[in-house]
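Structure record follows, encoded as structure tokens.
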Amino acid sequence: MDRPGFTTSLVAGGVAGVSVDLILFPLDTIKTRLQSPQGFNKAGGFRGIYAGVPSAAIGSFPNAAAFFITYEYVKWFLHTDSSSYLMPAKHMLAASAGEVVACLIRVPSEVVKQRAQVSASLRTFQIFSNILYQEGIQGLYRGYKSTVLREALWSWRQDHVVDSWQSAVCGAFAGGFAAAVTTPLDVAKTRIMLAKAGSSTASGNVLSALHGVWRTQGLSGLFAGVFPRMAAISLGGFIFLGAYDQTRSLLLELGKESP
């Protein structure tokens, strides 16, 4: 893949990611508090709805950029004829690889963000320092496996040859459906990230976390936060894919005009 392509993916993916995360942050906070073990009200309710936003803002650009750089590179590396029946598999593989790489940035940001969302009285840097002091660097990667699993199951993207609004609409519908289906995995991820150090849930076992939620709260616990999650991801798919395509097209046009 050529360097202009890498730069375009970096900027377009980063701009789109930051826009989505900041605009839809209140929905994410509500979802996290609904999924927290202490319950919505004790986790903060509707108070301090932007708690943890510094972590999201810092991690958003490199996370989104890492995904799209990897996605575009793997697509280029696995280049096939556009009419090939292998095209869908190529895009799914590229998206999955993108998520594995992006989660190296996303998970530490997500751990700090979610703990701040349910502990609004603590500052983001204080939470970050506490994690490093109590658990070390591995504490920042708690929930990595569950996050990768959740993202890889629905992270397919289509090639960016259609109109950006078509991409946005398709992304919104696909994202909303996938959000509902993968909510139990999201609940497990939240419980793992918020669990006290040394607890069985903190070990990162997804099935154990799911079983614990099922045993104490049943089906409603497994789908806690499903509606704000669906709303956020549907709107996020629309904003992200639309903004990415528009930004990428603009940057490519500017590159052609440059001497």
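The values are calculated or read from the model by the stated rules, or taken from the named source; none is laboratory data. Please read these numbers as outputs of a predicted model, since none were measured by experiment. Glycine also receives a Cβ, built like all others from the backbone with ideal geometry; neighbour counts cover every protein chain displayed. For the accessible areas, the whole protein counts, side chains as well, though only heavy atoms, and no ligand, DNA or RNA atoms are used. Shrake-Rupley method; radii C 1.70, N 1.55, O 1.52, S 1.80 Å.
Checking each residue in the range 121-145 for being over 26 Å from R47 (Cα atoms), among the aromatic types (F, W, Y) and in contact with a helix residue (DSSP H, G or I) (Cβ under 6 Å, 6 or more places away or on another chain) picks out Y141, Y144. The listed residues are A16, A57, and the only one of them that is outside any loop (DSSP other than H, G, I, E, B), within 15 Å of the chain's Cα centre (by Cα), under 18 Å from F125 (Cβ atoms) and among the hydrophobic types (A, V, I, L, M, F, W, C) turns out to be A57.
Selection within the range 126-150: residues that are without any contact (Cβ under 8 Å) to a residue 12 or more places away in the chain and open to solvent by 40 Å² or more (accessible area, probe 1.4 Å). The member of this set that is farthest from the chain's Cα centre (by Cα) is Y133.
Applying the set (1) closer than 26 Å to A51 by Cβ; (2) under 21 Å from the mean Cα position of the chain (by Cα); (3) not aromatic (F, W, Y) to V101 leaves exactly one unmet item: (1).
Residue check: Q246 meets all listed conditions (1) more than 21 Å from R33 (Cβ to Cβ); (2) polar (S, T, N, Q); (3) over 23 Å from the mean Cα position of the chain (by Cα) but one, namely (3). Scanning the range 27-50 for residues that are of a type in the set (S, T, N, Q) and crowded, with 21+ Cβ neighbours inside 10 Å yields T29, T32, Q35, S36.
Restricting attention to the range 212-229, and to residues there that are outside any helix (DSSP H, G or I) and of a type in the set (A, V, I, L, M, F, W, C), which single residue is nearest to T29 (Cα to Cα)? Filtering the range 212-229 for residues that are outside any helix (DSSP H, G or I) and of a type in the set (A, V, I, L, M, F, W, C), the one nearest to T29 (Cα to Cα) comes out as A224. When F227, F240, F223 are screened for being under 21 Å from the mean Cα position of the chain (by Cα), surrounded by 18 or more Cβ atoms within 10 Å (Cβ to Cβ), within 17 Å of A180 (Cα to Cα) and hydrophobic (A, V, I, L, M, F, W, C), only F223 passes.
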